[in-house]
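Student: Pasting a structure here, questions to come.
The values are calculated or read from the model by the stated rules, or taken from the named source; none is laboratory data. Everything quoted here is computed from the prediction, not taken from an experiment. Here Cβ is always computed from backbone atoms with ideal geometry, including for glycine, and neighbour counts include all displayed protein chains. In case anyone asks, the SASA skips ligands and DNA or RNA and just uses the protein heavy atoms, side chains included. Shrake-Rupley method; radii C 1.70, N 1.55, O 1.52, S 1.80 Å.
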Amino acid sequence: MRRGHRRGHPLRPRSGHPSGRRSGHRLGRPFGWLWAAYGTSALGTWLAFGAFELIAVRVLDAGPAEVAALAAVGAAVGAAVAVPLGPWVEFRHKRPVLIATDLVRCAALLTIPAAFAAGVLTFLQLLLVSVVVAAADITFRAASGAYLKTLLPAEDLLVANARLESTAWTTTIVGPPLGGAAIGLLGPVVTVAADAVSYLLSALGIRATGGHEPSPIPRKAERMRARELLEGWRYILADATLRPLFFNTALFNGLVMAAQPLLAVLMLGRLGFTPWQYGLAFAAPSIGGLLGSRLAPSLVTRFGRHRVLVASGVLRALWPVGLAFLGPGGAGLLLVMGVELGLIFCCGIFNPVQATCRLERTPADRVARTLSAWAVTTKASTALLTAVWGVLGSVLGPRAAIGLAGALLLATPLLLPRRRAAALPAAPEPAADPV
């Protein structure tokens, strides 16, 4: 979710190339509310990290297959459900969609503590809620990107993306430890309720932004046509800059996430790390994401966006292969933390620059469909590669499978854009109507 406001009309996009504005640059009151809304919902999500799996195991006595299905099937089905929502969002005001998706997620999550209190909670309900939340997440992401483009001038996009990226990593650092303590004291159902409340607060924050929003492009046909479902993918694949970024993101994220379950098996199993050591190995290095995202605007100012995008995209691919050499004890723990710190630092730089490039390369009347297609593909590829690496881990062993993922990640820089993207011509601004 990226938003903001600057001199002149606060909601109209400006043309021009993005500049690396200073991180202290003020983006206005609307951005402040939206930034607070984003941080609140992100913190709630991390407070409830792993809560569904814990509820499945401790409350419903679910086995490994059911827990794996909860993680993979929920995301995959949610992505499928979200496919028609991108085109639907494109032709509607984005602010009401953002509020509605927050309220949907809040209501869906609140059914879990309610059912638990009534003694009727089932695994099927957990699965259905995970599907609803996954679909709403994708829809929210698509609408928020489109909303950002109406709120911010082009030169402020990178600063806003960098601030939201730093907020995401900050909540990653503080959320899981607080959530773990809350789960230990009050149980996982309480953290799910806290996550639901965070979405309610996010909806209130988005509502507080007020203002006007440009009218969406009117739909030519009354009913959605089948070809509209593929419009986001069609635009991405036709753009010489977005196409390599799209494949790079899908493959990189999928391979990194596919190795995580195997790394957990390796660390918590044969290498004998304790749960707190495992949590520390991934929570502490998240400070690298905070530092990287704070540096991104300054690096773009000094070296240019294309150079920073390619350099950080190359560097982030070099780290994960080191996990194949993981050993026991303190040295092994330091190795994991060092690899994760380097990886997350580079991702903290790459992510806001990539998000800014993606928004600038996409016309306002295609943003929601493009971002929806991007998110659906990323979730689907992650689910597929996670399943494949689960099989490879059983056949080759966790260490060899982790090493294979790291080796393949070394090839992902080949999918980065080779040339600097040309600026898109400025599109005519639609008249601003009240939301």
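Student: Taking the stated definitions as given, is Ala355 in a helix (DSSP H, G or I) and either within 29 Å of Pro84 (Cβ to Cβ) or modelled with pLDDT of 90 or more (or both)?
Tutor: Against the criterion (in a helix (DSSP H, G or I) and either within 29 Å of Pro84 (Cβ to Cβ) or modelled with pLDDT of 90 or more (or both)), Ala355 qualifies.
Student: Search the range 43-83 for residues being of a type in the set (A, V, I, L, M) and not in a helix (DSSP H, G or I), and hand back the single one that is modelled with the lowest pLDDT.
Tutor: Within the range 43-83, the match that is modelled with the lowest pLDDT is Ala62.
Student: Please work out if Val131 is over 23 Å from Leu359 (Cα atoms) and either of a type in the set (Lys, Arg) or part of a helix (DSSP H, G or I) (or both).
Tutor: yes
Student: Moving on to the next point. Of the residues Val388, Val321, Val336, only one is among the β-branched types (Val, Ile, Thr) and under 27 Å from Ala79 (Cβ atoms); which?
Tutor: Only one candidate qualifies: Val388.
Student: Just the residues that are polar (S, T, N, Q), assigned to a helix (DSSP H, G or I) and open to solvent by 40 Å² or more (accessible area, probe 1.4 Å), please, taken from the range 267-316.
Tutor: Gln277, Ser298, Thr301
Student: Could you go through the range 173-193 and let me know if any residue there is surrounded by 24 or more Cβ atoms within 10 Å (Cβ to Cβ), among the aliphatic types (A, V, I, L, M) and modelled with pLDDT of 80 or more.
Tutor: Scanning the range 173-193 turns up at least one residue that is surrounded by 24 or more Cβ atoms within 10 Å (Cβ to Cβ), among the aliphatic types (A, V, I, L, M) and modelled with pLDDT of 80 or more.
Student: Taking the stated definitions as given, is Ala364 open to solvent by 20 Å² or more (accessible area, probe 1.4 Å) and in contact with a strand residue (DSSP E or B) (Cβ under 9 Å, 6 or more places away or on another chain)?
Tutor: Yes, satisfied.
Student: From the set of residues in the range 84-102 that are within 24 Å of Gln125 (Cβ to Cβ) and within 17 Å of the chain's Cα centre (by Cα), which is surrounded by the fewest Cβ atoms within 10 Å (Cβ to Cβ)?
Tutor: Top of the filtered list is Asp102.
Student: Here's a follow-up. Kindly indicate whether Arg105 is touching a strand residue (DSSP E or B) at 6+ places or on another chain (Cβ under 9 Å), modelled with pLDDT of 85 or more and surrounded by 22 or more Cβ atoms within 10 Å (Cβ to Cβ).
Tutor: For Arg105, the condition - touching a strand residue (DSSP E or B) at 6+ places or on another chain (Cβ under 9 Å), modelled with pLDDT of 85 or more and surrounded by 22 or more Cβ atoms within 10 Å (Cβ to Cβ) - is not met.
Student: When residues of the range 148-162 are filtered for being farther than 10 Å from Ala296 by Cα, of a type outside the set (Asp, Glu) and in a helix (DSSP H, G or I), how many remain?
Tutor: So the count comes out to 7.
Student: Looking only at the range 41-58, how many residues end up being polar (S, T, N, Q) and at positive phi?
Tutor: Going through the range 41-58 one residue at a time, the tally reaches 0.
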